[in-house]
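Undergrad: Attaching a single structure in structure tokens format; questions to follow.
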Amino acid sequence: MAATEPSNDKPFVDFKNVWLAYNAELAAANHFAVEAIDLQVRRGEFIAIVGPSGCGKSTFMKLATGLKMPTRGSIHIDGQAVTGPLKISGMAFQAPSLLPWRTTVDNVLLPLEIVEPYRSNFKVKRAEYVERARKLLQKVGLAGYEDKFPWQLSGGMQQRASICRALIHEPKMLLLDEPFGALDAFTREDLWCILRDLWTEQQFNVILVTHDLRESVFLADTVYVMGPGRFVVKKHIDLPRPRDLELTYTPAFTDIVHELRGHIGAHRTATQAATSSTSP
């Protein structure tokens, strides 16, 4: 009998009753940054997390990357318990944080110099890795800029390079924390399409944290609205793929955006009312 294949029905990301307090004193006082998080994400799924500032989105990302350990509950990713920083993930943030003394291609190569098993083989396989980085840069529209320095690139170009750096080691999961928030609207939409195409081709998992509701609806399979410390709404985006920018002007698209905005507004109002009622 053939060996049993791993089940694709098993969640790729699995949070079970996860709570996080930043120290023992806060935990003893029942002050949690996130609480009662139950989240199951299937393999290859693209999810987005939206919500007001301070609701716990970035804290959730630290849990998902293994940079923070839960006070209660368990986290499994790709079938393994999370006990420390994940090697199977790539990350990109609002600030590209490219090293100014390295060229674009050398910035993209950085994870391969740090992450095993690539690190041990870097000198021997450098030419192969450089070719991989150049091909990835070409896919995101940076052909001809591989040997430029960050100061020679626009903000949008730097963010494209940052995404390439996050993907160069072929991670199973990409975590994006407001990656397009500092860019103008046209550049932002260009990068939506680049990310869409990379995800469609490679089918890695994506967790996107964003304040931009249009961005979340355009890119994600599922959008989670986060209230203070917990998920309050789960919305499956029932729009056909592949999605083009023209879709963002349709009633079906704008209806979902307005629905999500309504959920965020309602929970913000409820939170403000609860805070006011407990104030002296």
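Undergrad: Can you name the residue in region 167-221 that is in contact with a Ser or Thr (Cβ under 7 Å, 6 or more places away or on another chain) and part of a helix (DSSP H, G or I) and, of all such residues, is surrounded by the fewest Cβ atoms within 10 Å (Cβ to Cβ)?
TA: Looking at the filtered set, the residue picked out is Arg214.
Undergrad: Hey, another quick one. Please go through region 227-249 and pick out each residue that is outside any loop (DSSP other than H, G, I, E, B), charged (D, E, K, R) and surrounded by 15 or more Cβ atoms within 10 Å (Cβ to Cβ).
TA: Of everything in region 227-249, those that are outside any loop (DSSP other than H, G, I, E, B), charged (D, E, K, R) and surrounded by 15 or more Cβ atoms within 10 Å (Cβ to Cβ) turn out to be Arg230, Lys235.
Yes/no matrix, rows are residues, columns are (1) within 24 Å of Val209 (Cβ to Cβ); (2) surrounded by fewer than 13 Cβ atoms within 10 Å (Cβ to Cβ); (3) modelled with pLDDT under 95:
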position	(1), (2), (3)
Pro85	yes, yes, yes
Met91	yes, no, yes
Pro96	yes, no, yes
Ile114	yes, yes, yes
Ala127	no, yes, yes
Glu146	no, no, no
Phe149	no, no, no
Gly156	yes, no, yes
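Undergrad: Let me ask something additional. With the requirement that a residue be of a type in the set (Val, Ile, Thr) and either more than 14 Å from Val223 (Cα to Cα) or modelled with pLDDT of 90 or more (or both), what does region 242-280 give you? Steps first, answer last, please.
TA: Just the residues of region 242-280 that are of a type in the set (Val, Ile, Thr), to begin with: 248, 250, 254, 256-257, 264, 269, 271, 275, 278.
Listed by number, the residues that qualify are Thr248, Thr250, Thr254, Ile256, Val257, Thr269, Thr271, Thr275, Thr278.
Undergrad: Looking at (1) crowded, with 17+ Cβ neighbours inside 10 Å; (2) in contact with a Lys or Arg (Cβ under 8 Å, 6 or more places away or on another chain); (3) in a loop (DSSP other than H, G, I, E, B), which is the only condition Asn107 fails?
TA: Result: Asn107 fails condition (3) only.
Undergrad: From (1) within 16 Å of Ile207 (Cα to Cα); (2) not hydroxyl-bearing (Ser, Thr, Tyr); (3) not in a helix (DSSP H, G or I), pick out the condition that doesn't hold for Leu98.
TA: (1) is the only condition that Leu98 fails.
Undergrad: Here's something else I'd like to know. Within region 128-165, count every residue that is among the hydrophobic types (A, V, I, L, M, F, W, C) and farther than 11 Å from Val108 by Cα.
TA: Adding up the residues that qualify gives 7.
Undergrad: Now for a separate question. Show the residue pairs meeting these rules: Cβ distance below 7 Å; 6+ apart or different chains; first residue within region 164-182 and closer than 21 Å to Glu146 by Cβ; second residue of a type in the set (D, E, K, R).
TA: Matching pairs, first to second residue: Ile168/Arg132.
Undergrad: Here's something else I'd like to know. Being among the aliphatic types (A, V, I, L, M), in contact with a helix residue (DSSP H, G or I) (Cβ under 9 Å, 6 or more places away or on another chain) and not in a loop (DSSP other than H, G, I, E, B) narrows it down to one of Leu86, Leu39, so name that one.
TA: Residue meeting the stated conditions: Leu39.
Undergrad: Look at Val223 and say whether it is on the phi < 0 side of the Ramachandran plot and at pLDDT 95 or above.
TA: In short, yes.
Undergrad: For region 63-71, check the following and say yes or no: at least one residue is surrounded by 14 or more Cβ atoms within 10 Å (Cβ to Cβ), at negative phi and in a strand (DSSP E or B).
TA: Within region 63-71 (the criterion being surrounded by 14 or more Cβ atoms within 10 Å (Cβ to Cβ), at negative phi and in a strand (DSSP E or B)), the answer is no, since none of the residues qualifies.
Undergrad: Which residues, taken from region 144-166, are small (Gly, Ala, Ser) and either outside any helix (DSSP H, G or I) or out of contact with any strand residue (DSSP E or B) (no Cβ under 7 Å at 6 or more places or on another chain) (or both)?
TA: Matches in region 144-166: Gly144, Ser154, Gly155, Gly156, Ala161.
Undergrad: Can you name every residue in region 72-103 that is more than 22 Å from the chain's Cα centre (by Cα) and under 21 Å from Gly155 (Cβ atoms)?
TA: Pro100, Trp101, Arg102, Thr103 - these are the residues of region 72-103 that are more than 22 Å from the chain's Cα centre (by Cα) and under 21 Å from Gly155 (Cβ atoms).
The values are calculated or read from the model by the stated rules, or taken from the named source; none is laboratory data. All of these numbers come straight from a predicted model, not from anything done at the bench. Note: ideal-geometry Cβ built from the backbone for every residue, glycine included; neighbour counts use all protein chains shown.
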